[in-house]
Amino acid sequence: MADLSLNTRCVQAGYTPGNGEPRQIPIYQSTTFKYDTSEDMGKLFDLEAEGYFYSRLANPTCDMVAAKIASLEGGAAAMLTGSGQAANFMALFNICEAGSHIVSSSSIYGGTFNLMDVTMRKMGVDVTFVSPDCTEEELNAAFRENTKVVFGESIANPALTVLDIEKFAKAAHAHGVPLMVDNTFPTPINLRPIEWGADLVTHSTTKYMDGHGAALGGVIVDGGHFDWMAHADKFPGLCTPDESYHGVNYAERFGKEGAFINKCTAQLMRDLGCVQSPQNAFILNLGLESLHVRMPRHVENGQAVAEFLEAHDKVEYVNYPGLKSNRYYEVAQKYMPNGGCGVVSFEIKGGREAAERFMKQLKVAAIETHVADARTCCLNPATSTHRQMTDEQLKAAGVPAGLVRISCGLEDKKDLIEDLRQALEAV
Ligand SMILES: *Cc1c(COP(=O)(O)O)cnc(C)c1O
């Protein structure tokens with residue numbers, strides 16, 4: 001499959017039916033798997049034979065879909081998780097433990113920020129947040145002896161900052177640690193971070209990959225390039241025997257290509273159990289089959305809506321990396337020449353009241369706390385997710401009261417613009 005184009009892999013990678021087998025990926029709706037002898041099953045437990053025994057550790061439907069995403073990202077191995085939050089937590093915790101330290105971009109999804117800043121701190125994992133726009137000196141200064149990983153989002157949700165992946169990869173590798181990139185917004189159709197030096201890629205598949213607002217999910221992809229054994233002192237979990245799993249040394253047994261995902265499955269999924277159900281994996285795969293067709297339309301609609309809003313006199317400013325006026329335009333062009341995503345944010349003149357009136361008038365776009373769906377949706381943080389904050393607090397947080405985030409779906413851009421025009425007129 002690797003020699004086929006990305007478009008073809010979206011449709012066909014991960015599953016090739018044999019003669020007379022189902023054309024569509026079968027849903028293995030089974031918690032457990034049957035064996036003729038205990039010896040057969042014992043080999044699976046010892047990781048000596050490949051196969052399935054319990055769906056908390058692995059399920060064939062989930063593995064087929066994970067293999068498709070690994071192929072799209074140019075990775076060596078992948079695993080599905082129950083949500084994007086689970087993907088980021090498990091990927092970080094696979095190489096961090098009490099006493100470890102993370103360097104992370106400060107411009108990331110709120111849920112991931114809390115995960116690191118609150119929950120992982122309680123587990124004894126420290127984090128230093130750096131601006132995605134920091135200089136190389138500032139970035140290098142954030143590292144410590146106990147730093148295990150660098151984290152960032154390719155296009156941040158919701159700030160829409162664009163990560164300079166090469167800059168972050170260079171600093172990570174100079175300090176002997178991997179770069180992990182949450183690539184949810186561009187998807188591998190528009191950006192493949194591993195090609196630019198990232199080692200690990202995560203996604204909330206809940207967003208564009210599913211694309212229909214139907215199934216929560218996440219995925220972890222390992223590029224298979226990071227040499228854990230060369231930094232064995234930093235990564236004892238991968239490079240010394242796992243006494244909780246028959247003394248397996250993941251880096252020795254599975255090499256660069258397989259160590260990370262095998263440990264994350266055998267140890268963390270066993271203990272934490274945040275699996276994706278085979279039903280959800282099946283739904284995710286339906287989304288993936290058209291990802292390469294949908295993403296260009298999301299980008300086309302996002303660009304058209306951003307340009308319309310930028311020219312409108314009731315709009316204070318528009319934030320979209322595809323606009324020449326955007327501070328990330330150059331870096332976005334470098335990493336995503338075909339565009340990034342369909343999410344646009346803008347500030348409407350007149351603050352909270354104007355935003356509320358504007359949103360009430362919308363007929364095509366719906367009010368939702370969601371993004372990256374086939375149906376256009378929008379959100380005013382000041383009257384919803386951030387409603388406990390005053391106008392001054394909102395301004396300080398970079399979320400002015402009149403800010404509206406709009407996730408452009410797959411509708412006709414003429415209808416989307418007409419909807420925005422009539423709603424702006426009513427303000
Ligand atoms: C939504 C999102 C998440 C969390 O994903 P869930 O599937 O909602 O758990 C993580 N990262 C980014 C960039 C997101 O947009």
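The values are calculated or read from the model by the stated rules, or taken from the named source; none is laboratory data. Everything quoted here is computed from the prediction, not taken from an experiment. Note: ideal-geometry Cβ built from the backbone for every residue, glycine included; neighbour counts use all protein chains shown. The area values use the complete protein model at the heavy-atom level, side chains included, leaving out ligands, DNA and RNA. Shrake-Rupley method; radii C 1.70, N 1.55, O 1.52, S 1.80 Å.
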- Note on the structure: Within segment 40-88, the residues that are without any contact (Cβ under 8 Å) to a residue 40 or more places away in the chain and of a type in the set (Phe, Trp, Tyr) are Tyr52, Phe53, Tyr54
- Message: Suppose the filter is within 15 Å of the ligand (Cβ to nearest atom) and in contact with a helix residue (DSSP H, G or I) (Cβ under 7 Å, 6 or more places away or on another chain); does Leu115 pass it?
- Response: yes
- From Ala397, Ala401, Ala311, grab the single residue that is small (Gly, Ala, Ser), more than 16 Å from the ligand (Cβ to nearest atom) and touching a Leu at 6+ places or on another chain (Cβ under 8 Å). Ala401
- Could you check how many residues of segment 272-331 are in contact with a Pro (Cβ under 9 Å, 6 or more places away or on another chain), within 23 Å of Leu6 (Cβ to Cβ) and either free of Cβ contacts under 8 Å to residues at least 60 places away in the same chain or β-branched (Val, Ile, Thr) (or both)? 1
- Message: Can you pull out every residue in segment 191-209 that is open to solvent by less than 20 Å² (accessible area, probe 1.4 Å), touching a residue at least 60 places away in the same chain (Cβ under 8 Å), away from the ligand (no atom under 11 Å from the Cβ) and part of a loop (DSSP other than H, G, I, E, B)?
- Response: Leu191
- Message: Of the residues Pro296, Pro188, only one is within 16 Å of the ligand (Cβ to nearest atom), outside any strand (DSSP E or B) and either over 14 Å from the mean Cα position of the chain (by Cα) or not small (Gly, Ala, Ser) (or both); which?
- Response: Pro188
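Any residue that is part of a helix (DSSP H, G or I), modelled with pLDDT of 95 or more and of a type in the set (Ser, Thr, Tyr) - is there at least one of those in segment 305-322? Give the steps one after another, and end with the answer.
Taking segment 305-322 first, the residues part of a helix (DSSP H, G or I) are 305-310.
Narrowing the set further to residues that are modelled with pLDDT of 95 or more leaves 305-310.
Now restrict to residues that are of a type in the set (Ser, Thr, Tyr): none.
No, that holds for no residue.
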- Message: From the list Ile25, Ile69, exactly one residue is touching a Ser or Thr at 6+ places or on another chain (Cβ under 7 Å) and of a type in the set (A, V, I, L, M, F, W, C). Which is it?
- Response: Ile25
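May I ask you to list the residues in segment 201-230 that are aromatic (Phe, Trp, Tyr) and over 15 Å from the mean Cα position of the chain (by Cα)? So that I can check it myself, show each step before the final result.
If we filter segment 201-230 for residues that are aromatic (Phe, Trp, Tyr), which is where we start, we get 208, 226, 228.
Matches in segment 201-230: Phe226, Trp228.
Does Thr128 satisfy the condition of being away from the ligand (no atom under 16 Å from the Cβ) and not hydrophobic (A, V, I, L, M, F, W, C)?
Numbers: away from the ligand (no atom under 16 Å from the Cβ): yes; not hydrophobic (A, V, I, L, M, F, W, C): yes.
Here the answer is yes, as Thr128 does meet what is asked.
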- Task: Give segment 204-232 a look and list any residue that's within 18 Å of Val150 (Cβ to Cβ) and among the acidic types (Asp, Glu), or say none.
- Result: Asp222, Asp227
- Given the conditions (1) assigned to a loop (DSSP other than H, G, I, E, B); (2) at pLDDT below 95, report the number of the one that Val364 does not fulfil. (2)
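Among the residues of segment 397-416, which ones are in a helix (DSSP H, G or I) and either open to solvent by 30 Å² or more (accessible area, probe 1.4 Å) or not aliphatic (A, V, I, L, M) (or both)? Before you say what the answer is, go through the steps one by one.
Taking segment 397-416 as the starting set, the residues that turn out to be in a helix (DSSP H, G or I) are 413-416.
Result: Lys413, Lys414, Asp415.
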- Which members of segment 90-111 meet the condition of being at pLDDT below 95 and either within 11 Å of the ligand (Cβ to nearest atom) or open to solvent by less than 20 Å² (accessible area, probe 1.4 Å) (or both)? Ser107, Ile108, Tyr109, Gly110, Gly111
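Does any residue of segment 277-285 turn out to be outside any helix (DSSP H, G or I) and open to solvent by 60 Å² or more (accessible area, probe 1.4 Å)?
Of the residues in segment 277-285, the ones outside any helix (DSSP H, G or I) are 277.
After this cut, where a residue has to be open to solvent by 60 Å² or more (accessible area, probe 1.4 Å) as well, the list is none.
There is no residue in segment 277-285 that is outside any helix (DSSP H, G or I) and open to solvent by 60 Å² or more (accessible area, probe 1.4 Å).
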